[in-house]
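Engineer: There's a structure below that I have some questions on.
Since every read-out is calculated from the coordinates, none of them should be taken as a lab result. Keep in mind it's a predicted model, so treat the numbers as computed, not measured. All Cβ positions, even for glycine, are placed from backbone atoms using ideal geometry, and neighbour counts span all protein chains on display.
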Amino acid sequence: MLSFDNTEVSFSGKSDSDLNWSYRLFKIIGNPTIVKIGNALTKFALAIRFPIKGMIKATIFKQFVGGENIEECKKTIEALGKYNVGTILDYSVEGKENETDFDACAKETIATIDRAKNENHIPFSVFKITGLARFAILEKVSAKQKLSAEEEKEFANVRERVNKICKHAHDCNVSIFIDAEESWIQLAMDNLANEMMRVYNKKKAIVYNTFQLYRKDRLSYLQESFLMAEEANYFLGAKLVRGAYMEKERKRAKEMNYPSPIQNTKEDCDTDYDRALEFCVNNIERIALCAGTHNEKSSLHLVELMKQKGVAASDKRIYFSQLLGMSDHISFNLAKAGYSVAKYVPYGPVKEVLPYLIRRAQENTSVKGQTGRELSLIIKEKKRRKAHLRSTN
Ligand SMILES: Cc1cc2nc3c(=O)[nH]c(=O)nc-3n(C[C@H](O)[C@H](O)[C@H](O)COP(=O)(O)OP(=O)(O)OC[C@H]3O[C@@H](n4cnc5c(N)ncnc54)[C@H](O)[C@@H]3O)c2cc1C
């Protein structure tokens, strides 16, 4: 019986000093006041060019980010690979709005594919379409509004960038995820993903779309996507996540007076997530699946479904994925039991990765003084190591 309780396995890659260091970091970011002040101070210091880059790099960056560029991620790729945990290089530069930056992002994504093609420990690449397109153009296409001639040309450039990346992934035989984002730009992105899958997923799933099960309509959309794949005879790549923009989605729906697309409760979200896992495993002949989750119950549910369906742990059509620096108890225990696991390893210049780091800090801030999930696991492992040392002396 697989369990995520084994902290010895979870932290096998961490020395005592690494563990102490993570303990101190999670203790600090567990304090909401410090996170609030730290967030404002960091933004201010970077804006006035105060030299704090080194400090960020040596602290929170070290826990959650692979490096400033692909080369700097080498150590992380090797450290994870030693325990059969793969890496997904995630160029985490956000909020760009001009064609030069979009071309640069496409070029960087192609560089991650090149890095993956000769490397056993990098099973996937990934990109966000907002790294390649203006948010407003995606919004307009998703709302099915008429584009001007100039906008038509702009969107043709977006399609061209997406196609170039997916074609390169196909030619290098490296599978690639397209991340999901806000619901009001998702239709344009779903259409692009479907178009790419139709072309490049003829023999296996190269391109994966992402399904956010915190949306009420995504389980049925997953089923619809499967029917499209059946009809046009291609493989469906499905990354299943709960969804990262809940507050923003609810706020917009309220402000603009339309029904929120988000599930009414966490339980509804969990139920749809697990139903989506079941749907994928039951249709594994045509669907390749990645469960992008830190939820222990859903991860164990997927293990159970694989057993029931007779799918081998090592079957590469099913991957589990977590973010670097989080939920190592899930990643390392699954990998040790022979399942296919890969971590998202974000990278990019310190200033550019800052929004990502702030989100991670906020996610690990304690709710009403409770000790967070990561911190509890670290404390448990510190205690285990101490007891082990005592018993061997
Ligand atoms: C490898 C990986 C890839 C990812 N890729 C994407 C991506 O492409 N797009 C994206 O949007 N996110 C992505 N995420 C983030 C993901 O969507 C979640 O925000 C995050 O993983 C937390 O959800 P969980 O499944 O780990 O578990 P849990 O901690 O069990 O669930 C938390 C999540 O449940 C949902 N939720 C919480 N409360 C409620 C409520 N009251 N009602 C309804 N729903 C609720 C929210 O989605 C929340 O994030 C990714 C995560 C991982 C690990």
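Engineer: Under 10 Å, Cα contacts only: if you run a Gaussian network model on the chain, which one of Lys382, Lys254, Lys82 comes out with the highest mean-square fluctuation?
Structural biologist: Checking each option, the largest mean-square fluctuation is seen for Lys254.
Engineer: Another question about this same structure. Please report, in debye to the nearest 20, how large the charge dipole of the chain is about its Cα centre when each Lys and Arg carries +1 at its beta carbon and each Asp and Glu carries -1 there.
Structural biologist: The calculation lands at about 1300 debye.
Engineer: Taking 0.36 nm per residue of separation and subtracting the Cα-Cα distance, what length does fully extending Leu147 through Asp18 add?
Structural biologist: 41.2 nm
Engineer: Moving to a separate point now. Would you calculate the separation in nanometres between label points at Lys27 and Lys204, each defined as 7 Å from the Cα along the Cα-to-beta-carbon direction?
Structural biologist: A separation of 4.7 nm, rounded to one decimal place.
Engineer: Go ahead and run the numbers for FRET between Lys216 and Lys167, Cβ-Cβ distance against an R0 of 51 Å, rounding to 0.05.
Structural biologist: So the FRET efficiency works out to roughly 0.90.
Engineer: If each residue's Cβ is checked for other Cβ atoms within 10 Å, how do Arg159, Arg250 rank with the fewest at the top?
Structural biologist: The most exposed by this proxy come first: Arg250, Arg159.
Engineer: On to the next question. Let's see if you can work this out: charge +1 on each Lys and Arg Cβ, -1 on each Asp and Glu Cβ, no other charges. What is the dipole magnitude of the range 269-345 about its Cα centre, in debye to the nearest 20?
Structural biologist: For the range 269-345, the charge dipole is close to 280 debye.
Engineer: Using 0.36 nm per residue of separation minus the Cα-Cα distance, give me the extension gain between Glu230 and Glu285 in nm, one decimal.
Structural biologist: 18.7 nm
Engineer: Along the charge dipole of the chain, Cβ charges K/R +1 and D/E -1, which of Phe11, Ile129, Ala288 sits furthest on the positive end?
Structural biologist: Phe11
Engineer: Once the Cβ-Cβ distance between Glu296 and Ala111 is put in as r, and R0 is 30 Å, what FRET efficiency do you end up with, to the nearest 0.05?
Structural biologist: 0.30
Engineer: Then there is this: GNM, the chain, Cα, under 10 Å: largest mean-square fluctuation among Glu352, Glu97, Glu267?
Structural biologist: Sorting by GNM fluctuation, first place goes to Glu267.
Engineer: Tell me which of Cys269, Cys172, Val207 sits at the most positive position along the dipole axis of the range 150-272, charges placed on C-beta atoms (Lys, Arg +1; Asp, Glu -1).
Structural biologist: Cys172
Engineer: Determine how many Å³ per residue the convex hull of the Cα atoms of the chain encloses.
Structural biologist: In the chain, the Cα hull volume divided by residue count equals 157 Å³.
Engineer: For the chain, what is the calculated [θ] at 222 nm in deg cm²/dmol (nearest 500), taking -39500 (n - 2.57) for each run of four or more DSSP H residues and dividing by its residue count?
Structural biologist: Result for the chain: -18000 deg cm²/dmol, rounded to the nearest 500.
Engineer: Using DSSP, restrict attention to beta bridges with both residues in the chain and report what percent are antiparallel, rounded to the nearest 5.
Structural biologist: If I count the DSSP bridges inside the chain, around 5 percent turn out antiparallel.
Engineer: Next question. Is there a quick way to get the dipole size of the range 157-217? I mean about its Cα centre, with the Cβ of Lys and Arg at +1 and of Asp and Glu at -1; what is the value in debye to the nearest 20?
Structural biologist: It comes to approximately 320 debye.
Engineer: Okay, moving on. Quick check: Cα centre of the range 95-171 to Cα centre of the range 228-248, how many Å?
Structural biologist: Between the Cα centres of the range 95-171 and the range 228-248 lies a distance of 18 Å.
Engineer: Additional query: Put +1 on the Cβ of each Lys and Arg and -1 on the Cβ of each Asp and Glu in the chain; which of Tyr91, Leu334, Phe155 then has its Cα farthest toward the positive end of the dipole?
Structural biologist: Value: Leu334.
Engineer: How much length would be gained if the chain were fully extended between Asn120 and Lys386, taking 0.36 nm per residue of separation minus their Cα-Cα distance, in nm to one decimal?
Structural biologist: In short, 92.2 nm is gained.
Engineer: How far is it, in nm, from the label point at Arg275 to the one at Glu352 when both lie 7 Å from their Cα along the line to the Cβ?
Structural biologist: 4.0
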